């Protein structure tokens with residue numbers, strides 16, 4: 001439950017160790033899997049309720065841990081909209097993704113009973129897999145736990161540093177290769193004031209930014225970022241197009 005609420009607690013190694021101890025001492029591992037599943041389920045239900053009550057602010061808060069918050073929100077939302085039930089079921093097995101899906105299900109209005117059923121089954125499957133892995137390996141797991149923890153910690157640190165470095169490099173590369181000319185406010189106002197207007201403004205702000213704003217550029221056309229490719233063929237060829245994004 002603590003991991004499900006967002007704390008950096010490694011539940012899988014803990015359950016793996018618990019399963020191996022259960023195998024060594026010959027007691028049932030079923031309560032371990034059930035208790036773990038219940039903990040995950042309760043934590044997810046809490047996030048789901050926050051999503052229903054607080055809306056996109058919850059998702060934005062979680063995505064602040066990402067190096068690219070807008071992309072983080074948009075990516076999670078696009079996946080959920082395409083396959084909501086499958087996304088909830090698979091999220092448990094994708095590190096870091098489970099924390100995003102539960103509040104997203106509440107934000108996008110997934111039925112409480114449907115979310116509770118799918119998430120409960122996924123939590124049980126994930127927990128059972130972790131515990132059974134420990135049971136299968138049994139006592140062979142225990143002597144290697146300390147060495148494995150050290151190796152995982154070292155590799156995790158290297159992976160985090162490499163990931164941050166790659167994201168910083170990727171961001172600089174994208175800015176350097178795909179930077180485009182910008183239009184100032186005064187220039188845009190003058191272009192929109194012409195009759196007929198010589199430009200079309202496409203509002204490509206993220207869902208979070210768009211829903212939190214009460215204003216749009218006059219005459220702008222709203223297209224969610226994830227749906228832009230679907231509307232390319234409808235763009236006018238006789239006017240300059242200006243993209244307005246976050």
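The values are calculated or read from the model by the stated rules, or taken from the named source; none is laboratory data. Not measured: the values here are computed from a predicted model. All Cβ positions, glycine included, derive from the backbone under ideal geometry; neighbour counts span all protein chains shown.
Residues checked against (1) farther than 30 Å from residue 49 by Cα; (2) modelled with pLDDT under 70; (3) out of contact with any strand residue (DSSP E or B) (no Cβ under 7 Å at 6 or more places or on another chain):
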site: 113; (1), (2), (3): no, no, yes
site: 116; (1), (2), (3): no, no, yes
site: 125; (1), (2), (3): no, no, yes
site: 128; (1), (2), (3): no, no, yes
site: 137; (1), (2), (3): yes, no, yes
site: 142; (1), (2), (3): yes, yes, yes
site: 145; (1), (2), (3): yes, yes, yes
site: 159; (1), (2), (3): yes, no, yes
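None of 43, 74, 120, 109 is at pLDDT 75 or above and buried (at least 18 other Cβ atoms within 10 Å of the Cβ) except 43.
The residue of region 1-28 that is farthest from residue 42 (Cα to Cα), among those that are assigned to a loop (DSSP other than H, G, I, E, B) and more than 30 Å from the chain's Cα centre (by Cα), is 26. Scanning region 14-38 for residues that are under 18 Å from residue 125 (Cβ atoms) and either surrounded by fewer than 16 Cβ atoms within 10 Å (Cβ to Cβ) or modelled with pLDDT under 85 (or both) returns 14, 15, 16, 18, 19, 29, 30, 31, 34, 35, 38.
Looking at residue 194, is it modelled with pLDDT of 85 or more and not assigned by TED's automatic domain parsing to the domain that holds residue 51? Spelling it out, it is not the case that residue 194 is modelled with pLDDT of 85 or more and not assigned by TED's automatic domain parsing to the domain that holds residue 51.
The condition (being in a helix (DSSP H, G or I) and touching a strand residue (DSSP E or B) at 6+ places or on another chain (Cβ under 7 Å)) is satisfied by just one residue among 155, 174, 191: 191. Close Cβ contacts (under 7 Å, 6 or more residues apart or on different chains) running from residues in region 234-246 that are in the same structural domain as residue 201 (by TED's automatic domain parsing) and without any contact (Cβ under 8 Å) to a residue 40 or more places away in the chain to residues that are in a strand (DSSP E or B) and surrounded by 10 or more Cβ atoms within 10 Å (Cβ to Cβ) comprise 235/241; 236/200.
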